[in-house]
1. Is the shape of segment 130-169 best called rounded, prolate or oblate, per the rule: a/c under 1.5 gives rounded, else a/b larger than b/c gives prolate, else oblate, with a ≥ b ≥ c the square roots of the Cα gyration tensor eigenvalues?
2. Take the Cα radius of gyration of segment 69-135 and divide it by 2.2 N^0.38 Å, with N its residue count; two decimals is plenty.
3. If I ignore ligands, DNA and RNA and count only protein heavy atoms, how much of Thr55 is accessible to a 1.4 Å probe, in Å² to the nearest 10?
4. Heavy atoms of the protein only, probe of 1.4 Å, neighbouring chains included. What is the accessible area of Phe67 in Å², nearest 10?
5. Okay, which of segment 56-82 sit inside 15 Å, backbone N to the point 7 Å along the Cα-Cβ direction of His43?
6. Roughly how many Å² of Asp77 are accessible to a 1.4 Å probe, to the nearest 10?
7. Quick one: check the C-alpha center-to-center distance for segment 108-170 versus segment 62-85, whole angstrom.
8. Once the other residues with Cβ under 14 Å from the Cβ of Leu56 are scored (Lys, Arg +1; Asp, Glu -1), what is the net sum?
Amino acid sequence: MFKRTLAALAATFMLATSAQATVPATRTDLIDLLESIGIDLVHGECNGMYGSYNTLHNRLCVNTVLFQASNEHDFEDTLVHEAVHVAQDCLAGLDNPSMMSLITRAIEVGINEQEFKKFVIDNLEEQYYAPLREMTDPRVRDLEVEAYAFEDEIDFVYDLVRKSCANNWN
């Protein structure tokens, strides 16, 4: 069910799914892609979070602590999570501080809103429920839900960034 829904969602964004991809995307591929569209990748404290994305400066930060070998999985999840925010930024235009949720784009091309929400929630790991409930701005919460739901899907997110940011190449 998950792969079928992911394939339908990929078709919504005219993306290849990992099942169709000849070579899976790596974190290096994703980093190269982000840099090619003008995203400034930095490492540091990231305001005490594992990662952050600043839409005003198109800057993606990964916390230095994730560069330790024991945090390899968290590094990739964080990079992919923040890359979803880059795609959301590209959908609204990189030249402004706004972001557009993936669901907005999905609805524009005829995907059922309730099915999309169910898909995202079904793929959201339970560990994120409490932090997401604490977010008071529903728009920010929706953007974060999408990023958390897709952080294990590097192939999908690579293609999502590539297609969503196609008009933003340097």
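The values are calculated or read from the model by the stated rules, or taken from the named source; none is laboratory data. What you see is a predicted model, and the numbers here were worked out from it, not measured in a lab. When we count neighbours, we look across all protein chains shown, and the Cβ atoms used for this are built from the backbone with ideal geometry, even at glycine. Note: areas computed on protein heavy atoms with side chains; ligands, DNA, RNA excluded. Shrake-Rupley method; radii C 1.70, N 1.55, O 1.52, S 1.80 Å.
1. oblate
2. Against the compact-globule rule of thumb, the ratio is 1.31.
3. 20 Å²
4. Approximately 120 Å² for this residue.
5. Label zone hits: 60-80.
6. 20 Å²
7. What the calculation gives is 17 Å, centre to centre.
8. Net of charged neighbours comes to -2.
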